[in-house]
Amino acid sequence: MRCLEILSEAELKLTFRDEREAEIIAKSLEPDNQPLPRGLNLKMIRDGKVILFEIRCERSVRSLLTTLDDILCMANLALKTIRSLERSRQASSKPS
């Protein structure tokens, strides 16, 4: 069954521990934002430790939900990587 194309919009706000973390996450997501399929517009704004995504979709609602899921999954993966590296650095800098 084919989904009907309608206009749908969403805002997603992610708040991180600090500006550095938000900046790394934003930079890691930039390459994934281009090129976008026809009918999908995505704007990412970083303000301090907050990243705001504004999504406008003139495709199916499923397409909007898939886009939100992609953003969340990629942000989560980047965040896990950052925090894992931080733990490794802390463990290696502890005196034996």
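On the basis of being touching a residue at least 12 places away in the same chain (Cβ under 8 Å) and of a type in the set (Lys, Arg), does ARG17 make the cut?
For ARG17, the condition - touching a residue at least 12 places away in the same chain (Cβ under 8 Å) and of a type in the set (Lys, Arg) - is met.
Hey, could you check the range 5-22 for residues that are among the charged types (D, E, K, R) and closer than 18 Å to ASP70 by Cα and say which is nearest to the chain's Cα centre (by Cα)?
Once the filter is applied, the top-ranked residue is LYS13.
With the requirement that a residue be among the charged types (D, E, K, R) and without any contact (Cβ under 8 Å) to a residue 40 or more places away in the chain, what does the range 37-90 give you?
Answer for the range 37-90, where residues must be among the charged types (D, E, K, R) and without any contact (Cβ under 8 Å) to a residue 40 or more places away in the chain: ARG38, LYS43, ARG46, ASP47, LYS49, ASP69, ASP70, LYS80, ARG83, GLU86, ARG87, ARG89.
Rule-based calculations on the coordinates, nothing more; no lab input. These numbers were taken from a predicted model, which means no experiment stands behind them. Positions of Cβ are backbone-derived with ideal geometry, glycine not excepted, and every protein chain shown enters the neighbour counts.
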